[in-house]
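K.L.:
My questions all concern the structure below.
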Amino acid sequence: MRHRLLPVLFLLLPVPMTAQVDLTVRLVESRHGSQASAPDIGDGPSIRPLADLGAGLEVGLRRGDWRVSVGTARITHDLVLQGGDAGIITPDVLRGVDLAVQVGRPILRHGDASIELAAGVIGTRWSFVGLGDPSRWRWGPVASLAGVLPLSGGVSAVTRLAVSRAGGIFTDEEIPEEYTRESANRFEWSVGLRLGRR
């Protein structure tokens with residue numbers, strides 16, 4: 001239900017006539033921490049997603065220095081069981097679709113370039129290809145730091161680092177009984193182009 005409310009809340013925000021709208025397209029690279037581990041077994045194996053390169057789209061609404069954004073991204077993940085220097089990989093078995101709402105503002109400016117700090121909420125809808133498990137949403141906080149460099153014609157280059165933390169992807173019944181389910185941090189790096197004049 002919460003993921004249905006987020007776009008509604010965004011639409012209900014007051015939109016002054018002076019507000020500026022921008023659109024960002026980006027390539028996304030993610031790194032996930034362990035989702036389950038068994039430290040008492042051998043070399044302490046862990047289960048984690050390993051992401052391929054994904055694509056994202058973000059709409060921003062700016063008034064003055066403040067910017068509210070709604071973004072989505074789709075990323076395919078391998079499932080990795082790793083212990084020590086060896087691992088077992090099940091390729092392309094996890095699909096993640098993100099929905100994030102953030103509020104931020106620049107914290108540093110140099111000429112027309114800026115660094116923006118933002119925070120908000122991110123949800124990921126996980127689906128499992130060929131495993132028969134139901135899809136599920138996982139929600140948590142997200143914070144990001146973005147560098148924005150204006151180019152020309154209302155186009156800016158954007159690179160962003162983000163960290164988020166949400167509930168574990170799997171349930172207790174879906175992992176081996178020797179393992180402990182974990183909620184892991186996720187780190188994301190993305191590059192893209194932002195279209196829209198201030």
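The values are calculated or read from the model by the stated rules, or taken from the named source; none is laboratory data. All of these numbers come straight from a predicted model, not from anything done at the bench. Cβ placement follows ideal geometry from the backbone for every residue including glycine, while neighbour counts extend to all protein chains displayed. We work out accessible area using only protein heavy atoms, side chains counted, and drop any ligands, DNA or RNA first. Shrake-Rupley method; radii C 1.70, N 1.55, O 1.52, S 1.80 Å.
K.L.:
Out of everything in segment 112-149 that is assigned to a strand (DSSP E or B) and out of contact with any Lys or Arg (no Cβ under 9 Å at 6 or more places or on another chain), what residue ends up being most open to solvent (accessible area, probe 1.4 Å)?
P.N.:
If we filter segment 112-149 for residues that are assigned to a strand (DSSP E or B), which is where we start, we get 113-128, 136-149.
From what is left, the residues that are out of contact with any Lys or Arg (no Cβ under 9 Å at 6 or more places or on another chain) are 113-114, 119-120, 143, 149.
Details: A113: 28, S114: 15, A119: 54, G120: 24, A143: 42, L149: 96 Å².
Among residues in segment 112-149 that are assigned to a strand (DSSP E or B) and out of contact with any Lys or Arg (no Cβ under 9 Å at 6 or more places or on another chain), the one most open to solvent (accessible area, probe 1.4 Å) is L149.
K.L.:
Just to be sure, is G44 open to solvent by less than 50 Å² (accessible area, probe 1.4 Å), at pLDDT below 85 and not polar (S, T, N, Q)?
P.N.:
On the way: open to solvent by less than 50 Å² (accessible area, probe 1.4 Å): yes; at pLDDT below 85: yes; not polar (S, T, N, Q): yes.
Yes.
K.L.:
Can you tell me which of (1) in contact with an Asp or Glu (Cβ under 7 Å, 6 or more places away or on another chain); (2) at pLDDT below 95; (3) at negative phi is the one D92 doesn't meet?
P.N.:
So the condition that D92 fails would be (3).
K.L.:
I'm checking my understanding of the structure. Among residues of segment 158-172 that are open to solvent by less than 30 Å² (accessible area, probe 1.4 Å) and in contact with a Pro (Cβ under 8 Å, 6 or more places away or on another chain), which one is nearest to V25 (Cα to Cα)?
P.N.:
It comes out as S164.
K.L.:
Any idea which of (1) assigned to a loop (DSSP other than H, G, I, E, B); (2) touching a residue at least 60 places away in the same chain (Cβ under 8 Å) is the one V158 doesn't satisfy?
P.N.:
Among (1) assigned to a loop (DSSP other than H, G, I, E, B); (2) touching a residue at least 60 places away in the same chain (Cβ under 8 Å), V158 violates only (1).
K.L.:
Let me ask something else. Can you name every residue in segment 165-182 that is in contact with a strand residue (DSSP E or B) (Cβ under 7 Å, 6 or more places away or on another chain) and in contact (Cβ under 8 Å) with a residue 60 or more places away in the chain? Steps first, answer last, please.
P.N.:
Filtering segment 165-182 down to residues in contact with a strand residue (DSSP E or B) (Cβ under 7 Å, 6 or more places away or on another chain) leaves 165-170, 172, 175, 179-182.
If the condition is that a residue be in contact with a strand residue (DSSP E or B) (Cβ under 7 Å, 6 or more places away or on another chain) and in contact (Cβ under 8 Å) with a residue 60 or more places away in the chain, then G168, I169, F170, I175, Y179, T180, R181, E182 are the ones that fit.
K.L.:
Mind checking which residues of segment 173-189 are open to solvent by less than 60 Å² (accessible area, probe 1.4 Å), at pLDDT 85 or above and under 9 Å from G33 (Cβ atoms)?
P.N.:
R186, the sole residue that qualifies.
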